[in-house]
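Dropping a structure here in structure tokens format, bear with me for questions.
The values are calculated or read from the model by the stated rules, or taken from the named source; none is laboratory data. Please read these numbers as outputs of a predicted model, since none were measured by experiment. FYI the Cβ positions are ideal-geometry reconstructions off the backbone, even for glycines, and counts take in every protein chain you see.
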Ligand code: OOG
Ligand code: MG
């Protein structure tokens, strides 16, 4: 893709977000949008977010569980950026006027104590760089109509980033059993889904290592203090107006989302 096209593709996606309007996939407009150019578009959109005053606070993995991969029909994980504008404080209802078609998904979240950069990062070295582990809920909001996209479309769109809520309990990873950390997903009083940390790449630390190694290959890193969303443990659920979605983690507390 030519640099003018990269800038233009980033702009149309940011404009869809700003105007809260779903659009068709950008691969229809730019058929040569392969995965590397999609990451270039994503990085350009990040630069535009930073230019308008947002602060980079971390990264998010996407499509790290079978449940998510099957739903989206895509079998490989993705990486995207988190800025301070994507933080939804606990207890604040969803700002619906800013969202197209929000869906909620429970995630295990790391806050880094040390900088981490590939190559050669293993799950063990990745986990050793983590300061705190939280439960969280990500509110994804694809800019594409009906969440219909190829992996390249989704990557360019910052992996459907919307908002995220951090849970109430931050634990040291020492002595935590992340493989068995469970989450029950509740929608309007009914438990609709459940998963454990094993759903996320076999172990959430594997997802963290994957992020560090992929970023390292591009000359980038996960900085100390960064927030890392390791990817939806279960399929995402629609958040209808007036709905109440809760993610109950076994040792990381409960995150509740009010549909607004
Ligand atoms: C892509 C974003 C995926 C996750 O945790 O799997 C994601 C999508 O499903 O729209 O954030
Ligand atoms: Mg997610």
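Which of the residues belonging to the range 143-159 are buried (at least 23 other Cβ atoms within 10 Å of the Cβ) and at positive phi?
Within the range 143-159, 158, 159 qualify.
I'd like to check something: does the range 46-64 contain any residue that is more than 21 Å from residue 221 (Cβ to Cβ), within 11 Å of ligand 1 (Cβ to nearest atom) and touching a strand residue (DSSP E or B) at 6+ places or on another chain (Cβ under 8 Å)?
yes
Looking for something surrounded by 13 or more Cβ atoms within 10 Å (Cβ to Cβ), in contact with a strand residue (DSSP E or B) (Cβ under 8 Å, 6 or more places away or on another chain), farther than 29 Å from residue 225 by Cα and at pLDDT 95 or above - is there at least one such residue anywhere in the range 81-101?
So far as the range 81-101 goes, yes, one or more of its residues are surrounded by 13 or more Cβ atoms within 10 Å (Cβ to Cβ), in contact with a strand residue (DSSP E or B) (Cβ under 8 Å, 6 or more places away or on another chain), farther than 29 Å from residue 225 by Cα and at pLDDT 95 or above.
Oh, and also: Within the range 60-69, can you find the residues that are more than 8 Å from ligand 2 (Cβ to nearest atom) and touching a residue at least 12 places away in the same chain (Cβ under 8 Å)? I'd like the intermediate steps shown before the answer.
Let us first name the residues in the range 60-69 that are more than 8 Å from ligand 2 (Cβ to nearest atom), namely 63-67, 69.
Of everything in the range 60-69, those that are more than 8 Å from ligand 2 (Cβ to nearest atom) and touching a residue at least 12 places away in the same chain (Cβ under 8 Å) turn out to be 63, 64, 65, 66, 67.
Of everything in the range 137-157, what is in contact with a helix residue (DSSP H, G or I) (Cβ under 7 Å, 6 or more places away or on another chain) and either at pLDDT below 95 or part of a loop (DSSP other than H, G, I, E, B) (or both)? Give them in sequence order.
141, 142, 143, 157
In the range 190-213, what residues are within 16 Å of ligand 2 (Cβ to nearest atom) and closer than 12 Å to residue 79 by Cβ?
Hits for the range 190-213 are 207, 208, 210, 211.
Report, by residue number, each residue of the range 224-244 that is out of contact with any helix residue (DSSP H, G or I) (no Cβ under 7 Å at 6 or more places or on another chain), more than 14 Å from ligand 2 (Cβ to nearest atom) and in contact (Cβ under 8 Å) with a residue 60 or more places away in the chain. I'd like the intermediate steps shown before the answer.
As a first pass, look at the range 224-244 and keep what is out of contact with any helix residue (DSSP H, G or I) (no Cβ under 7 Å at 6 or more places or on another chain): 224-227, 229, 236-240, 242-244.
Then drop every residue that is not more than 14 Å from ligand 2 (Cβ to nearest atom), which leaves 224-226, 238, 240, 242-244.
Those that are out of contact with any helix residue (DSSP H, G or I) (no Cβ under 7 Å at 6 or more places or on another chain), more than 14 Å from ligand 2 (Cβ to nearest atom) and in contact (Cβ under 8 Å) with a residue 60 or more places away in the chain: 224, 225, 226, 238.
Does residue 155 fit the bill of being over 19 Å from residue 11 (Cα atoms) and within 16 Å of ligand 1 (Cβ to nearest atom)?
no
Moving on. Regarding residue 108, is this residue in contact with a strand residue (DSSP E or B) (Cβ under 9 Å, 6 or more places away or on another chain) and under 28 Å from residue 35 (Cβ atoms)?
On the way: in contact with a strand residue (DSSP E or B) (Cβ under 9 Å, 6 or more places away or on another chain): yes; under 28 Å from residue 35 (Cβ atoms): yes.
The answer is yes for residue 108.
For the range 1-94, which fully contained helices (runs of 4 or more DSSP H) count at least 1 residues that are more than 20 Å from the chain's Cα centre (by Cα) and within 20 Å of residue 143 (Cβ to Cβ)? It would help to see each step written out before you state the result.
On the way: elements: 3-18, 35-51, 66-72.
Ranges flagged: 3-18, 35-51.
Moving to a separate point now. On the given criteria, is residue 236 within 17 Å of the chain's Cα centre (by Cα) and surrounded by 15 or more Cβ atoms within 10 Å (Cβ to Cβ)? Give the derivation first.
Details: within 17 Å of the chain's Cα centre (by Cα): yes; surrounded by 15 or more Cβ atoms within 10 Å (Cβ to Cβ): yes.
Criteria met by residue 236.
Quick one: count up the residues across the range 102-117 that are buried (at least 20 other Cβ atoms within 10 Å of the Cβ) and away from ligand 2 (no atom under 16 Å from the Cβ). So that I can check it myself, show each step before the final result.
So the first thing to find is which residues in the range 102-117 are buried (at least 20 other Cβ atoms within 10 Å of the Cβ), and the list is 102-110, 112, 116.
When the remaining residues are screened for being away from ligand 2 (no atom under 16 Å from the Cβ), the result is 112, 116.
The number of residues fulfilling the criteria is 2.
At least 1 residues that are more than 18 Å from residue 109 (Cα to Cα) in each: list the strands (runs of 3 or more DSSP E) lying fully within the range 182-260 that qualify.
On the way: elements: 182-187, 190-196, 227-229, 244-249, 254-258.
The qualifying strands (runs of 3 or more DSSP E) are 182-187, 190-196, 244-249, 254-258.
Is it the case that the range 121-136 has a residue that's part of a loop (DSSP other than H, G, I, E, B) and within 15 Å of ligand 2 (Cβ to nearest atom)? Step through it out loud before you land on a result.
Quick first cut of the range 121-136, residues part of a loop (DSSP other than H, G, I, E, B) only: 121-122, 129.
Those still in the list that are within 15 Å of ligand 2 (Cβ to nearest atom) too: none.
No, the range 121-136 contains no residue that is part of a loop (DSSP other than H, G, I, E, B) and within 15 Å of ligand 2 (Cβ to nearest atom).
A further question follows. Using the structure shown, decide if residue 221 is touching a strand residue (DSSP E or B) at 6+ places or on another chain (Cβ under 9 Å), in contact (Cβ under 8 Å) with a residue 40 or more places away in the chain and closer than 30 Å to residue 146 by Cα. Before you say what the answer is, go through the steps one by one.
Numbers: touching a strand residue (DSSP E or B) at 6+ places or on another chain (Cβ under 9 Å): yes; in contact (Cβ under 8 Å) with a residue 40 or more places away in the chain: yes; closer than 30 Å to residue 146 by Cα: no.
Here the answer is no, as residue 221 does not meet what is asked.
Just a yes or no: is a residue in the range 158-166 within 10 Å of ligand 1 (Cβ to nearest atom), under 26 Å from residue 36 (Cα atoms), touching a helix residue (DSSP H, G or I) at 6+ places or on another chain (Cβ under 7 Å) and part of a helix (DSSP H, G or I)?
yes
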